[in-house]
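See structure below.
Since every read-out is calculated from the coordinates, none of them should be taken as a lab result. Just so it is clear, the model here is predicted, and its values are computed rather than measured. Using ideal geometry, Cβ is built from the backbone for each residue, glycine included, and neighbour counts are taken over all protein chains shown.
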Amino acid sequence: MSFARSPAGSVSGIVHALVLLAAIFLAAPLAGYIPLAALSAILLTVALRMAELHTFVELWRGPRADFGVLVAAFTLTVVFDLTIGVGAGLIMAAILFLRQMEEITHVRLITSESEDPGTGSHSIRGKDIPPDVILYRIEGPMFFAAAEKLDVALRGSGGKPRVVIFRMRTVPAMDASGLRAFKVAIEKLERDGIEIFLTAVQPQPMKVMFESGLAEHIGLDRFCADIDQALTAVRAAIGA
């Protein structure tokens, strides 16, 4: 299915724009003779067509928070003006987006019992995990909302392991605040003499850590493709 616009459609749009431009310059003095009641009817008709009422119905059937943002922006636009309505709508949509991202971001302590069913290089089921090795899975984007979750997860692990492995296969992005929180967490672990390994780091977080110098601080040899490679490197480090 192609959505390319046909040449005929492009020409008709150009002709329409030229006709409107000519009407503005040539017929503008005549607009003063049009009754305001007729102009108001035209404006109401245009407003109803631009409102796209079906959008209200579609959003009502979706998440209530999104519908609330739409109604609030619509109400503020009618009561005040377009600038206030659009500005407030953007702010509310941004806050809602951050809240949704916070809900999908998790830092979990991984054990063989809590691991998802499955086998392969990204699963620890059936694999020999040294007793002084702890694994964490970070899920979702790393930004300022994930900082507290990361700190709580590290403090709630109990004991003092020799090695911590961060599994980051499901971390699609990392911003400056997330980088800062991750860096602080790593510094705390290193002060306790704990070695750090990371597995399956996505391109964007890897770029952020590399450009900030964190990747070199940790050691590029500590970045592993999967859990199998990480366990091999961990055993070599513990043995050394």
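One way to sum up the overall shape of region 31-102 is the equivalent ellipsoid from its Cα gyration tensor, whose semi-axes run 32, 15, 7 Å, largest first.
Annotation: extensible slack from Arg49 through Ile84 equals 10.4 nm (criterion: 0.36 nm per residue apart, minus Cα-Cα distance). Going from the fewest other Cβ atoms within 10 Å to the most, the residues Val107, Val152 appear in the order Val152, Val107.
In a DSSP loop and with at most 16 other Cβ atoms within 10 Å, there are no GluC sites (Glu not before Pro) in region 160-218. Of the GluC sites (Glu not before Pro) found in region 44-112, those in coil by DSSP whose Cβ has at most 14 other Cβ atoms within 10 Å are Glu52.
Close amide-amide hydrogen proximity is noted between Gln202 and Val171, each under 5 Å apart and 5 or more residues distant or on a separate chain (H modeled in the peptide plane; Pro and chain starts excluded).
If you plug the beta carbon distance of Glu190 and Glu103 into 1/(1 + (r/R0)^6) with R0 = 30 Å, you get a FRET efficiency near 0.45. Close amide H pairs (under 5 Å, H built 1.01 Å from N) link Leu135 with Ile110, Ile165, residues at least 5 positions away or on another chain. Sequence-ordered 3J(HN,Hα) estimates for region 228-237 from the Karplus curve with 6.51, -1.76 and 1.60 and θ = phi - 60° stand at 5, 5, 5, 5, 5, 5, 5, 5, 5, 5 Hz, glycine and proline given as x. Taking amide H atoms as placed 1.01 Å from N in the peptide plane, the amide H of Thr105 has no partner under 5 Å among residues 5 or more positions away or on other chains.
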